[in-house]
Structures are given as structure tokens and as C-alpha cells.
Amino acid sequence: MAGSNPNAKPMNLTLKVWRQPNRQTEGQIVDYKVNDISPDMSFLEMLDVLNEDLLRKGQDPVAFDHDCREGICGSCDLFINGRSHGPEKGTTTCQLHMRKFSDGDTITIEPWRANAFPVNKDLSVDRSAFDRIIQAGGYVSVNTGGTPDGNEIPIPKEISDRAFEAATCIGCGACVAACKNASAMLFVSAKVSQLALLPQGQVERETRVENMVAQMDIEGFGACTNIGSCAAECPVGISLENIAILNREFLTAKATSNHLA
Ligand code: FES
């Protein structure tokens, strides 16, 4: 298990950080030096050190998103050295440790790049497009009554495992940032699969997939061209199988719907 190493040497780093005052103003990369960075720090703690130094100098700290810092909420959306969440597979930015870098390294830090995720400021982007896709259908709204007893609705283990795997999507947007088309197919497919696989999701199954895909297109996300970088960079390992499920769900819904577009 990786833990604190008392012999780990502090590192001096050069950071190339995207600075952009607001959505309307052009941004640029600005160079900063950070010194005496412990290899046991998380990446976000390293940015905290940078910001404390900037504040001491009376300068504007770097804006970046974070919340749980435990790999759960999906807020920490940083593009590090050209990769969503940086160099360690299956890891969010907040769970990335500085021991993955070396003394003297230059690290480039950018926001997610996608038209559907406009920059708020610096490294913080507006991911409300994902919220609107969920609002379009990523829920179960049928009246299910009171809380059912456990195991009242039998679900085969293989199906529940696949639904659970899809449900682990934290909605961070790494898939969009990693895709050359800025496609949101992996995100949408995880949300559609999760509900389409379970009995509770059957009532709205067809309208859900139609509405969520329509909203995805309205938001301006790109098309999927089967590159697979989304799944390769996903910090929680959402698989491409979900995109196959989404395509099947969408075609089935369109073939059977009364409102063919
Ligand atoms: S801050 Fe919540 S997942 Fe990184």
C-alpha cells in the first residue's frame, strides 16, 4: 500500500497553468514555480501550495474545482500533461499523488476542453450540460410507493453487477475531455444503461433514452467515432459496453416509438 515515506525528497516543479479571467476573455498559459513539494501531497494540495504563495504575493489564486477530495464527487476536472486527471490510470485528480512526478518536472495543467463545457475561470469549467442531460431523463419518476423490502424484486447477479458498474460513473467529464470529438456518449450511456438494466427503469425506458440523447445533441457534444479514449481515461473504469447498450436502446426506442423523428 502506498503511504507516507519519510525519506521522500521534496520536489521543485514548474507549472504551466491555464489562466482565464472569465468566459468572455481569452486565456493563456502562465508559468509558475512551486518548491519543496512533498511527494506524499495530492495534486490538489500542491495547487493549494501554489495558491497560498500567490495570495501571499497579492496575486489572484488559480480557480479549480474540487469538493470531496476522495474520488467520489467528480468535481476535480483537470487536464494534466494532456490527459484527463493526469498520468495514473483509474485515478481522479484529487487522488493523484505528487510521487507520480519527479523533481524538476514541468507539468501542464489545463481545464477540460469542450464547447459544451465553457470555462468559468482558469481551470474551472461549467459542466451544467451534464445536469441538463440528467434532467432530460436520467431518473425514475414512476410512483413506486413505500420503500420496498430488501430482495423483494429479484434481480440476477450478473444484471445487478452490470447496472452497478454503470452506476459508478461520477460524472466528472473526463470522457468528454479525452475524446477528440468531445463526445459525451460514455457518460450518457452509463446513465442510460444503469436504469435500462433494472426493473425499476423499464416504464420510462424508451422516452428516457430518446430525451437524453436529444439533450446531449442540443448541448453540442460531438459524435462517437469508436476511438475508446473515453473508457481508457475514465477514472472509475466505465466500459465501452455501455455505449453498445445505449446504441441498442436508442435504436429500439426509435423503431418502436409513436413519434418517429
Ligand atoms: S474532488 Fe471529488 S472526486 Fe475529486
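What follows is calculated from the coordinates using simple rules that are stated; it is not laboratory data. If you're wondering where the values come from, they're calculated on a predicted model, not measured in any experiment. Cβ: placed from backbone, ideal geometry, glycine included. Neighbour counts: every protein chain shown.
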**Asked** Could the peptides 48-57, 174-183, 71-80 be put in order, highest first, of the mean number of other beta-carbon atoms found within 10 Å of their residues?
**Response** 174-183, 71-80, 48-57
**Fill in**
A student asked for the Cα radius of gyration and Dmax of segment 24-112 in angstrom ought to give 12.9, 37
**Request:** Consider just the alpha-carbon atoms of the chain and return their Rg together with their Dmax, both in angstrom.
**Result:** 20.8, 68
**Relative contact order %, segment 128-255, counting alpha carbon pairs below 8 Å whose residues are six or more apart** = 35
**Complete:** Of the residues Cys68, Ala129, Asn51, the Cα lying farthest along the dipole of the chain towards its positive end, which is defined by charges on the beta carbon of Lys, Arg, Asp and Glu, belongs to Ala129
**Request:** Run the numbers on segment 84-179 and let me know its relative contact order in percent, using alpha-carbon pairs under 8 Å that are six or more apart.
**Result:** 30
**Request:** State, to one decimal in nm², a quarter of the convex hull surface area for the C-alpha atoms of segment 128-255, i.e. the direction-averaged projected area.
**Result:** 8.0
**Message:** If each DSSP helix of 4+ residues adds -39,500 (n - 2.57) and the sum is divided by the residues in the chain, what number results at 222 nm, nearest 500 deg cm²/dmol?
**Reply:** -10000 deg cm²/dmol
**Message:** Given Cβ point charges of +1 (Lys, Arg) and -1 (Asp, Glu) and nothing else, what value in debye, to the nearest 20, does the dipole of the chain about its Cα centre take?
**Reply:** 460
**Prompt:** For segment 29-74, max minus min Cα coordinate along each principal axis, in Å, sorted largest first?
**Reply:** 33, 22, 20
**Complete:** Cys in the chain lacking any partner Cβ under 4.7 Å -> Cys169, Cys172, Cys179, Cys224, Cys234
**Prompt:** If you stretched the chain out fully between Ile72 and Thr25, how much longer would it get, using 0.36 nm times the residue separation minus the C-alpha to C-alpha distance?
**Reply:** 13.7 nm
**Complete:** So Asn143 and Lys157, fully extended at 0.36 nm per residue minus their Cα-Cα distance, gain in nm 2.5 nm
